[in-house]
Amino acid sequence: MLLVIDVGNTNAVLGMYDGQNLIRNWRITTDKSRTVDEYAIVIDHLFRLSRVEFSDIRDVIISCVVPPVLNTFERLCRRYFKKSPYIVGPGIKTGMPILYDNPKEVGADRIVNAVAAFEKYRRSLIVVDFGTATTFDFISERGQYLGGAIAPGVSIAAEALFERASKLPRVDISKPPQVIAKNTVNSMQAGIFYGYVGLVDGIVARMKKEADDDPLVVATGGLARLIATASETIEEVEPLLTLEGLRIIYGRNKAEQ
């Protein structure tokens, strides 16, 4: 079995592949203070609920945007899986040219998403990832990563509103019944939800105009389905795009050995 791990600022998503088939996936909280053994306990518990053993893991690939946690997961793989993991970063074969001023600056998750989306659709694309940050990545019809944009994530904006406005409550991020809301909770939900729908559609429209292209717009991440219900530009939703990208990149590097 192949274990793929995508470590983000808020959550780490793990997936288990049997060949090309994703047979299990889990989401855990990213915590910089957790030790190797503490992460191992959490993962072991999830594995056992799915009747999986550490010994079932034959290889591991990791993408991570939190360097201290990457070190923890690397040690975890060596100690508990007895494997040195593949790490998405400089030196790994992605099969995608990165046309960025400094390719090392591009987050591993953004490259992994781009690889997965292009492998599936084989055309120009904009990938919108709703994570801790909301990222927009443009891939050319030739499979080149051209760059993109980064905005604060939906959850960050909602939390900032609660923390900075003393009379406003913390609210769930959901689609309100109407934009002209009749109470404070729905008013906040309307501003957050439709504000981000407008942000997504606005940035996508500007990217299309700047590139003079009509790329397919693919959304991924935790809030992708929710935002897509009102977006005029999102055409496809791929919730587990990053896991699939990790599997593809693993295959490209394994084949080189």
With bins 5 Å wide starting at 0, give me the P(r) of the stretch 49-117 over every alpha carbon pair, in whole percents. 3, 14, 23, 20, 17, 13, 6, 2, 1, 0
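When the dipole is taken about the Cα centre of the stretch 2-87, and only Lys, Arg (+1) and Asp, Glu (-1) are charged at their Cβ, what size is it in debye, to the nearest 20?
100 debye
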What helix-only [θ] at 222 nm does the chain give? Using -39500 (n - 2.57) per DSSP H run of at least 4, over all residues, to the nearest 500, the answer is -12000 deg cm²/dmol
Provide the per-residue ³J(HN,Hα) series for the stretch 60-69, in order, calculated from phi with Karplus coefficients 6.51, -1.76, 1.60 and θ = phi - 60°, each as a whole number of Hz, with x at glycine and proline positions. 9, 10, 10, 10, 8, 10, 10, x, x, 6
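Using the Cα gyration tensor of the stretch 207-252, with a ≥ b ≥ c the square roots of its eigenvalues, what is the shape: rounded (a/c below 1.5), prolate (a/b larger than b/c) or oblate (neither)?
Oblate, because a/c is 1.5 or more while a/b does not exceed b/c.
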What do you get for the angle between helix 184-211 and the principal long axis of the chain? Use alpha-carbon atoms, 0 to 90 degrees, nearest ten. 70 degrees
Principal axis lengths of the stretch 14-53 from Cα atoms, whole Å, largest first? 33, 17, 12
What's log10 of I(q)/I(0) for the stretch 2-87 at q = 0.11, 0.14, 0.18, 0.20 Å⁻¹, Debye sum over Cα points only, no solvent? -0.25, -0.41, -0.70, -0.89
Need one number for the stretch 87-174: average projected area of the convex hull over its C-alpha atoms, nm². 7.3 nm²
Under a 5 Å amide H to amide H cut-off, with H placed in plane at 1.01 Å, what residues pair with residue 24 once short-range neighbours are removed? 16
Using alpha carbon centers only, the stretch 1-26 is separated from the stretch 196-232 by a whole-angstrom value of 26 Å
Given 37 °C and 0.692 mPa s, compute D for the stretch 103-245 with the Stokes-Einstein relation, Rh being the Kirkwood radius over Cα pairs; round to the nearest whole µm²/s. 209 µm²/s
Percent of all alpha-carbon pairs of the chain at distances over 30 Å, whole number, is 32 percent
Sort out for me the Cα centre separation of the stretch 28-75 from the stretch 139-190, rounded to whole Å. 30 Å
Which net charge results for the neighbourhood of residue 108, defined as the other residues with beta-carbon distances under 14 angstrom from its beta-carbon, given Lys and Arg at +1 and Asp and Glu at -1? -3
From largest to smallest, what semi-axes in whole angstrom does the stretch 162-208 give when each is the square root of 5 times an eigenvalue of its alpha carbon gyration tensor? 24, 13, 7
Alpha carbon convex hull of the stretch 37-77, projected area averaged over orientations, nm²: 3.1 nm²
Tilt of helix 154-164 relative to the longest C-alpha principal axis of the chain, in degrees (0 to 90, nearest 10)? 60 degrees
Calculate the FRET efficiency for residue 180 and residue 149 from the Cβ-Cβ distance with a Förster distance of 25 Å, rounded to the nearest 0.05. 0.25
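Here, each number is a calculation from the coordinates, and none is a lab measurement. From a predicted model like this one, the values you see are computed outputs, not experimental measurements. Every residue, glycine among them, receives a Cβ derived from its backbone with ideal geometry; neighbour counts consider all protein chains shown.
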